[in-house]
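Single-structure report; data block below.
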Amino acid sequence: MELMDPVFARASALGRTNAATKIVVATLQTLVFVVSLDWVTSSLGLVLLLAAMTAAGMRPWAVARKLWFIFAAAVLSGWATALMAEKSGRLLLDLGPWQVSTGSLDSGIAIMLRGCALALISVMFLASTDAHELGESLAQTFRLPPASCSPRWRPSVSWVCWPRSGRPWPPPGGPAASAPAPRWSRSPRGFAQQAFALMVQALRRASRLAVTMEARGFGAGPRTWLNPPTYHRVDVVVLILGLLIPVIAVGASLALGSYRTIF
């Protein structure tokens, strides 16, 4: 995701933070904003996240240009919530079956702002985290199966299996042909055939890879890691500042007496 300069991303505070720390921060932030249902928490959290994004070296306008469809979906979800939520307070709009009241409008604004805040959390995490670092962190820190955390399966499926569907595979050791961009069929029947062919090839490659990895593991010693997880002062700073964002947002909402949850 070209929202952050690669060199600066590695040198920035978020880039130097361990992926496990960013996973914890992003997960806790997401849980807090998902549970909250008032516009004060969402709006204040969105402002703080924008400030954190700017401090991390990301360009908010670049994010808005590249991910405009996510924010458009957040606006549509807020409008749909305002139309379909329980009506309370003064009636603002009456178009027959479509009515908007002050209570439903507050709920719609909260949903819209919450969707934008959740999108910013994901953007900051994905733009500053390397895929290999994420896989190593999931396997070493969170003890997930190493095979399921490897990022190498994604290009093999999306850029190898799909473009080569219907064509012979190159010989072992031979030069690999440049894979063109995947072309989607415009007809439903052609799309279904391509999707089925991709699924069959992915299953065949996955089963062959699983058997190979299992065979290599027989009689082997404990797994060693090239990059063991290390934590520094920047991890503590990012953890504290990241957790302060939802704490400040919820605290301000509680002080104003407007905090609501989905429960």
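The values are calculated or read from the model by the stated rules, or taken from the named source; none is laboratory data. From a predicted model like this one, the values you see are computed outputs, not experimental measurements. Reconstructed Cβ throughout: ideal geometry from the backbone, glycine too, with neighbour counts over all protein chains shown.
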*State yes or no: is LEU105 in a helix (DSSP H, G or I), touching a residue at least 12 places away in the same chain (Cβ under 8 Å), closer than 17 Å to VAL250 by Cβ and of a type in the set (A, V, I, L, M)?*
no
*Determine whether THR54 is under 19 Å from LEU244 (Cβ atoms), hydroxyl-bearing (Ser, Thr, Tyr), in the same structural domain as VAL247 (by TED's automatic domain parsing) and free of Cβ contacts under 8 Å to residues at least 24 places away in the same chain.*
yes
*Report yes if ILE245 is modelled with pLDDT of 85 or more, in a helix (DSSP H, G or I), touching a Gly at 6+ places or on another chain (Cβ under 7 Å) and within 30 Å of PHE33 (Cβ to Cβ), otherwise no.*
yes
_Residue list for the range 58-87, restricted to those being surrounded by 12 or more Cβ atoms within 10 Å (Cβ to Cβ) and not in a helix (DSSP H, G or I)_ = MET58, ARG59, LEU67, ALA85, LYS87
*asked:* On the basis of being under 30 Å from VAL234 (Cβ atoms) and not assigned by TED's automatic domain parsing to the domain that holds VAL250, does PRO145 make the cut?
replied: yes
*asked:* Any residue in the range 120-146 that is more than 13 Å from GLY15 (Cβ to Cβ) sitting within a Cβ distance under 7 Å of a residue that is among the charged types (D, E, K, R)? List the pairs, counting only those 6 or more apart or interchain.
replied: PRO146/ARG223
*Quick check: anything in the range 5-20 more than 30 Å from ASN227 (Cβ to Cβ), surrounded by fewer than 18 Cβ atoms within 10 Å (Cβ to Cβ), out of contact with any His (no Cβ under 8 Å at 6 or more places or on another chain) and β-branched (Val, Ile, Thr)?*
no
